[in-house]
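See below for the structure under consideration.
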Amino acid sequence: MAASCLLKRWCSTAATVTTKGTRWERLVNSRAGVWCRSLLSDYKEACREAVLGAWERPLKASVYFGLLGGMYVCYYTNPDDASFETSLLETSNRLALLSPWIRSGTSDGHVQTLVKLRNEGRLRYASLGVASLTYYTDYDSESSLYEARCSAISVPWSALKKRVLDIGFAGRWWVLDHKMKDFDINEEEFKHLPPALVATDPPSPQITERNEKLHQESWKAVVMEDESSELDGIQKDMDTPVKGIESNTIYKAQTS
């Protein structure tokens, strides 16, 4: 009996001793505190090993840092759906300023297709982190048709590559920019020309130098000669034959 009472008293005393201390010390010595300290110790050791590895192999470390930096730049400059719509409207306005007779058929057809899909609500945007995709679907996202809502008959992801319209990377939409190349040149106008006239070669250095000289001479001031001197010269030329005729007439009269 006495032994059990002594044991209880000792246990209560030990409990009171362990509960003493500040709240921060109790938090540090708790299970959560021990786990956090071990986690920080692991991260510290991993960072130390990474620094030592980069010091021992600088080329490998530079390649890894370059890849990480490139991925961050691609992620930061990844275009979104708003930038695609802005680019589409800008290109559409640029084409609208041109006459249909000088518009490129390739550029106009591609932009008109994108505008039609946008108006129908069939354009979709998907972000891959470092790049983006723009593709089209068969129905509007707000359509309530059974074909548009049933997942069993929807288009599989394997057919996505056939529906991709543009690829966004490094702040640009590459397909749209490629289609807008030479958008103010109508290829149909030159389709019936012979190959010698369709294909143009760059000028030679001699021709380029001659054209530059002609261009520089075209900027020079025009020098006007005195009109009185020109009239005097013309008068002298006209008087010379008259004087010759008069002398011949006088000579014939004397001899006769």
- line: Scanning the stretch 74-104 residue by residue, the ones that are open to solvent by 50 Å² or more (accessible area, probe 1.4 Å), among the hydrophobic types (A, V, I, L, M, F, W, C) and in contact (Cβ under 8 Å) with a residue 12 or more places away in the chain total 2
statement: Contact list, first residue from the stretch 133-147 and part of a loop (DSSP other than H, G, I, E, B), second anywhere and open to solvent by less than 90 Å² (accessible area, probe 1.4 Å), beta-carbon distance below 6 Å, six or more apart or interchain, is 137/122; 137/124; 139/148; 140/121
task: Filter the stretch 175-201 for residues that are modelled with pLDDT under 75, open to solvent by 80 Å² or more (accessible area, probe 1.4 Å) and part of a loop (DSSP other than H, G, I, E, B) and give the result.
output: 200, 201
message: Taking the condition of being open to solvent by 90 Å² or more (accessible area, probe 1.4 Å) and of a type in the set (A, V, I, L, M, F, W, C), how many residues in the stretch 107-144 meet it?
response: 1
message: Whether any residue in the stretch 234-252 is at pLDDT 85 or above, open to solvent by 100 Å² or more (accessible area, probe 1.4 Å) and of a type in the set (Phe, Trp, Tyr) is what I want to check.
response: no
- line: All conditions in (1) closer than 30 Å to residue 81 by Cβ; (2) open to solvent by less than 90 Å² (accessible area, probe 1.4 Å) are true of residue 172 except (2)
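The values are calculated or read from the model by the stated rules, or taken from the named source; none is laboratory data. The structure presented is a predicted model; accordingly, all values stated were derived computationally and were not measured. Ideal geometry is used to build each Cβ from the backbone, glycine not excepted, and the neighbour counts take in all protein chains shown. Areas reflect the complete protein model, heavy atoms only, side chains present, ligands, DNA and RNA absent. Shrake-Rupley method; radii C 1.70, N 1.55, O 1.52, S 1.80 Å.
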